[in-house]
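The values are calculated or read from the model by the stated rules, or taken from the named source; none is laboratory data. All figures in this text were calculated on a predicted structure; none of them were measured in a lab. Cβ atoms come from the backbone with ideal geometry, glycine included; neighbour counts cover every protein chain shown.
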Amino acid sequence: MPFYRYIHNNVCETANTYQYIFSIYLFIVSGILSPMLMIIFSLLTLSNLNRLHRRVQPTNNNLNPSFCLLRRDIQLIRMLLGHVAVYMITTFLYPINMLYLAITFNSADKSSERKTIESFITFQTNHFLFYFNNIAPFFTYYLTSSTFRKEFKTMFCKWQQNQQRNLTSNQRIMITD
C-alpha cells in the first residue's frame with residue numbers, strides 16, 4: 001500500500017500511526033468480528049434446521065422423507081462447522097502477527113536474527129495461511145460431504161470425457177489437413 005510509507009536507511013517502512021491503526025483494524029475485523037459472525041450464523045442455521053425438523057411430518061411411512069432430510073442436514077452441518085473451524089485456524093494468526101509487529105516496531109533491542117524470524121513468520125502468515133482460505137472450502141467440503149464428493153467425481157468424469165472428445169476431434173482435424 002503506497003500510503004503512509006517512507007524510506008528510512010534505504011528501507012521502505014510504514015508510518016507508526018498507520019501501522020497501529022491497520023493492525024487494530026485487522027485484529028478486530030479478521031480476528032474477532034469475522035469468526036464471531038460465522039459462529040453466530042452457524043448457530044442460527046443449526047437452530048433453523050432443528051425447527052424445520054420439528055415442523056416436517058412424514059405423510060407416507062414407506063418413503064420417510066425426514067430420513068433423507070436428516071442425512072443431507074448432517075452433511076450440511078459438517079460442512080459448515082468444518083469451514084468455520086478451518087477459517088478460524090488459518091486466519092487467526094494473521095491479525096495477531098500484524099498486531100505484534102505494530103507493537104514491537106520501534107523496539108531498539110531487535111537483533112538481525114529476530115528480525116529475520118519475524119520476517120519469515122510474517123511471510124508465512126501473509127502468503128500461506130491467509131490466502132489458504134481461498135482453497136480451503138473445497139477441501140473441507142470434499143472431506144466432510146459424501147454428496148459433494150459424488151457430485152465432484154461426476155463433474156470431473158464429464159469434464160475428462162469432454163477433454164478426450166476434444167482431443168480426438170483435434171487429432172482428426174490435424175490428420176485431414
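Observations
- Hits in the range 89-124 (condition: surrounded by 15 or more Cβ atoms within 10 Å (Cβ to Cβ), assigned to a helix (DSSP H, G or I) and not hydroxyl-bearing (S, T, Y)): L93, P95, I96, N97, M98, L99, L101, A102, E118
- Residue pairs meeting the criteria (Cβ under 9 Å; at least 6 apart or on separate chains; first free of Cβ contacts under 8 Å to residues at least 24 places away in the same chain, in the range 150-168; second of a type in the set (A, V, I, L, M, F, W, C)): F152/F138
- Any chance E151 is among the charged types (D, E, K, R), part of a helix (DSSP H, G or I) and under 24 Å from I32 (Cβ atoms): no
- Filtering the range 122-134 to residues that are closer than 14 Å to M88 by Cα and of a type outside the set (F, W, Y) leaves T125, L129, N133, N134.
- Selection from the range 78-99 of residues that are farther than 12 Å from L129 by Cα and either modelled with pLDDT of 85 or more or out of contact with any helix residue (DSSP H, G or I) (no Cβ under 8 Å at 6 or more places or on another chain) (or both): R78, M79, L80, L81, G82, H83, V84, A85
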